[in-house]
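Please treat every number below as a calculation from the coordinates, not as lab data. Only a predicted model underlies this, so the values are computations on that prediction, with no experimental measurement involved. Because the Cβ atoms are built from the backbone with ideal geometry, glycine has one as well, and the counts that use them run over all protein chains shown.
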Amino acid sequence: MTIHEDIAAPVLIVGAGPGGCMASFELSRLGIPHVLMDKALFPRDKVCGDALSGKVLDALQASRPSVVDELKKLPDLFQPSPGIRFFGPNGKYIDVPCPDRRDGLTAGYVAARQGFDHLLVRHLDAHLCTFYQGAGHLAFGHENQVSFMVGNRQYMAKPQLVIGADGALSATAAHRGLRRVHKGHHSAAVRAYFQGVVGFEKNFIELHFIKELLPGYFWVFPLPNGGANVGLGMLSANIAKHKVNLRALLEKTIAHHPALSQRFAQARLLGPVRGWGLPLGSVKRTISGDGLLLVGDAAGLIDPFTGEGIGNAFQSGQMAAQWAFKALHANDFTGKFLQGYDKQVYQHLWPELKLSHRIQKLSSIPWLFNFLLNKAAGNPNLRNTMTAMFANVDLRAKLKSPWFYLNLVRGK
Ligand SMILES: Cc1cc2nc3c(=O)[nH]c(=O)nc-3n(C[C@H](O)[C@H](O)[C@H](O)COP(=O)(O)OP(=O)(O)OC[C@H]3O[C@@H](n4cnc5c(N)ncnc54)[C@H](O)[C@@H]3O)c2cc1C
């Protein structure tokens with residue numbers, strides 16, 4: 001027998017990944033009661049590289065510092081990673097150490113999403129957030145009516161605002177006609193966990209820009225206790241054009257790549273190889289509507305060069321909660337009012353997304369990549385400049401300037 005129950009909350013968040021949890025943290029900080037629902041039961045896996053940047057740590061410090069306090073006590077979940085090693089198509093690499101943080105944390109971490117996302121939901125504020133997990137049969141009706149089932153209970157809600165944080169396949173965005181897959185602004189990737197990959201240095205995360213994947217890459221990220229997150233991703237347009245089988249390509253790379261195969265010789269695959277999509281933020285999308293805000297992957301905000309999406313899911317989650325606060329105070333939930341959210345998100349993220357898109361395009365040119373890495377290998381000044389560039393968005397803008405390359409050719 002189905003039991004019907006009404007939910008009275010002004011805000012309902014669909015999806016309890018990083019975007020949804022951060023929206024909830026920030027709503028709680030602002031004193032706004034809300035409902036958060038997710039179809040999964042936590043802990044649950046999410047296909048990801050599991051790399052957490054400084055942006056992620058900053059957002060947690062601002063909205064839920066208790067997560068950071070717990071992070072420090074979980075060395076079996078969080079692998080500190082102080083930098084990035086970029087391998088060019090010619091196999092040469094440069095190291096980009098990230099600057100130390102003032103709060104004593106390492107610049108970045110790698111943490112399996114199963115544990116990280118579970119940590120986030122464990123830090124939801126039970127006073128202001130009613131959390132339903134294992135919530136299926138999500139359905140939308142007229143005027144922001146939402147219903148879902150948990151066991152034999154059907155919950156009915158009519159919130160003033162829905163925050164769609166339900167990821168790359170967002171049903172919330174699809175319901176409003178806002179989910180469009182642009183193959184040139186979308187990547188697909190596969191991920192596997194391994195035990196016993198050797199050859200990590202300084203616990204840097206590694207991006208290998210192998211020629212046939214460009215502008216995508218193969219990654220090897222260190223996890224605690226000898227584990228590794230391994231995968232590769234490519235632009236969906238290129239996958240379709242060249243009819244690429246990503247799983248087969250992953251196996252081939254691990255078995256035959258001249259440098260990588262030796263590092264995997266004694267490694268053991270743990271569990272299945274899983275795939276997922278990445279809606280890239282290289283194009284502006286409409287991310288709000290009447291009584292609706294989209295965050296994270298539902299809004300398509302993944303960095304087109306690095307594939308990083310958790311930081312932008314966090315930042316858009318924070319902004320969505322702040323716009324919920326504004327809308328409640330103005331008692332205005334119209335699409336027109338909420339367009340201010342789109343404007344703020346893109347004002348904040350577009351310079352970085354646009355630049356990453358340019359670098360993504362440049363990185364699809366193997367000789368340019370090799371040229372830069374060759375130069376950097378023999379030139380400590382250039383290495384330092386490039387290190388600073390990756391740590392600093394304004395400096396990164398230099399990479400798109402023809403003068404930068406001209407000076408390099410001239411040896412300056
Ligand atoms: C292979 C791969 C590697 C990546 N590597 C990295 C990386 O190393 N670092 C990084 O920062 N980013 C990485 N990303 C991107 C990152 O995974 C995403 O940007 C991030 O997970 C977005 O968070 P989100 O909360 O928007 O969505 P998600 O994490 O996808 O969370 C969405 C939540 O919504 C729930 N949900 C979905 N549909 C429904 C429904 N109908 N009803 C109820 N609940 C629903 C899901 O169960 C899930 O819990 C990678 C992505 C991929 C695919």
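Here are some notes:
- Proximal aspartates and glutamates to Lys211, defined as alpha-carbon separation beneath 19 angstrom and excluding residues fewer than eight positions away on the same chain: Glu251
- Once each of the GluC sites (Glu not before Pro) sitting in a DSSP loop with at most 16 other beta-carbon atoms within 10 Å is removed, the chain keeps 202-412 as its longest stretch.
- Kirkwood analysis of region 90-194, using all unique Cα-Cα pairs, places the hydrodynamic radius at 18.5 Å.
- Test item: Cα-centred dipole of region 70-220, Lys/Arg +1 and Asp/Glu -1 on Cβ, debye: 300 debye
- Dipole magnitude (debye, nearest 20) for the chain, charges at Cβ of Lys, Arg, Asp, Glu: 1540 debye
- Per-pair calculated FRET efficiency, R0 = 35 Å: Met156 and Arg274 via Cβ, rounded to 0.05: 0.55
- Each other residue within a Cβ distance under 13 Å of Ser364 adds +1 if Lys or Arg and -1 if Asp or Glu, for a net charge of +3.
- Protection proxy ranking of 335-343, 232-240, by the mean of other Cβ atoms within 10 Å over each peptide's residues and highest first, is 232-240, 335-343.
- From least to most packed, judged by other beta carbons within 10 angstrom and beginning with the fewest, Leu52, Leu57 follow the order Leu57, Leu52.
- Beta bridge orientation in the chain: antiparallel %, DSSP, nearest 5: 65 percent
- 20 Å cut-off, amide nitrogen to a point 7 angstrom out along Arg180 Cα→Cβ, residues in region 299-325: 299-304
- In the chain, helices alone account for a calculated mean residue ellipticity at 222 nm of -11000 deg cm²/dmol, with every DSSP H run of four or more residues adding -39,500 (n - 2.57).
- The slack in the chain from Thr2 to Val283, taken as 0.36 nm per residue of separation less the alpha-carbon distance, amounts to 96.8 nm.
- Compared with the direct C-alpha span, the chain from Ala267 to Leu30 gains 80.6 nm at full extension, assuming 0.36 nm per residue.
- Members of Lys284/Lys336; Lys202/Lys361; Lys92/Lys241; Lys55/Lys183; Lys183/Lys354 lying beyond 22 Å, as alpha-carbon distances in this model show: Lys202/Lys361; Lys92/Lys241; Lys55/Lys183
- Considering only the Cα atoms of region 286-338, their convex hull presents on average a projected area of 3.4 nm².
- DSSP bridge pairs, region 63-180: antiparallel proportion in percent, nearest 5: 100 percent
- Among beta bridges from DSSP that stay inside region 12-104, the antiparallel ones total about 60%.
- Förster radius 51 Å - calculated FRET efficiency between His142 and His348 (Cβ-Cβ, nearest 0.05): 0.95
- If R0 is taken as 35 Å, the Cβ-Cβ distance between Asn90 and Asn225 corresponds to a FRET efficiency of 0.60.
- Across the chain, counting alpha-carbon atoms alone, Rg and Dmax equal 21.7, 78 Å.
- Here the simple spin-label model places points 7 Å from the Cα toward Cβ, and for Asp100 and Arg247 these points are separated by 4.6 nm.
- Per-residue HN-Hα couplings for region 198-209 [Karplus 6.51, -1.76, 1.60; θ = phi - 60°; Hz; x = Gly/Pro]: 10, x, 5, 10, 6, 6, 5, 6, 10, 10, 9, 8
- Between Asp45 and Leu128, the modelled labels are 3.5 nm apart [label points 7 Å from Cα along Cα→Cβ].
- Two-decimal log10 I(q)/I(0) for region 1-122, as the Debye equation yields it once each C-alpha is a single scatterer, q = 0.20, 0.21 Å⁻¹: -1.17, -1.24
- Ordering Cys48, Cys98 by the number of other Cβ atoms within 10 Å of each residue's own Cβ, fewest first, gives Cys98, Cys48.
- Order of Arg268, Arg263 - criterion: other Cβ atoms within 10 Å of each residue's Cβ, fewest first: Arg268, Arg263
- Among residues other than Ser66 with Cβ under 12 Å from its Cβ, the summed charge is +2 (Lys and Arg +1, Asp and Glu -1).
- Here's the picture: charge each Lys and Arg Cβ at +1 and each Asp and Glu Cβ at -1 in the chain, and of Phe148, Ala112, Cys48 the one pushed furthest to the positive end of that dipole is Cys48.
- The spread of Cα positions in region 102-150, taken along each principal axis and listed from longest to shortest, comes to 49, 24, 19 Å.
- Once the Cα gyration tensor of region 169-250 is diagonalised, semi-axes √(5λ) in Å: 29, 17, 11
- Compactness of region 201-331 is given as radius of gyration and Dmax, 18.8, 62 Å, from Cα positions.
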